[in-house]
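Novice: The structure follows.
The values are calculated or read from the model by the stated rules, or taken from the named source; none is laboratory data. Note that the coordinates shown come from a computational prediction; the quantities given were computed from them, not determined experimentally. As a convention, Cβ positions derive from the backbone with ideal geometry for all residues, glycine included, and neighbour counts pool all protein chains shown.
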Amino acid sequence: RALRSLELWLSMQDEVSAKDLRKIWKGLFFSFWHSDKQQVQQELAERLSNLVCTLEPPQVALSFWESFLDTMAREWSAIDRLRLD
């Protein structure tokens, strides 16, 4: 339900601040972190990747994607080896 709310909110934005996107992606990152089942993680990943493809205007999609990359660069080194499997 929360992801549906995020999808709706993002679809209504003409632009989103980098600060807001950092907060959103921090939450999404930890959603993955706390989802130990592969099926749950895969479904979340698919929904988020589909979201990037459907966001309008393209600048919102690009900002969303860039914030994802920034989050992964920032958080990747803190992922323990068991979660990388």
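Novice: Scan the range 19-75 residue by residue and report those that are surrounded by fewer than 12 Cβ atoms within 10 Å (Cβ to Cβ) and of a type in the set (V, I, T).
Specialist: Within the range 19-75, T54 is the sole residue that qualifies.
Novice: Now for a separate question. Of everything in the range 1-47, what is of a type in the set (A, V, I, L, M) and either assigned to a helix (DSSP H, G or I) or at pLDDT below 90 (or both)? Give them in sequence order. Before you say what the answer is, go through the steps one by one.
Specialist: Of all residues in the range 1-47, those of a type in the set (A, V, I, L, M) come to 2-3, 6, 8, 10, 12, 16, 18, 21, 24, 28, 40, 44-45.
Listed by number, the residues that qualify are A2, L3, L6, L8, L10, A18, L21, I24, L28, V40, L44, A45.
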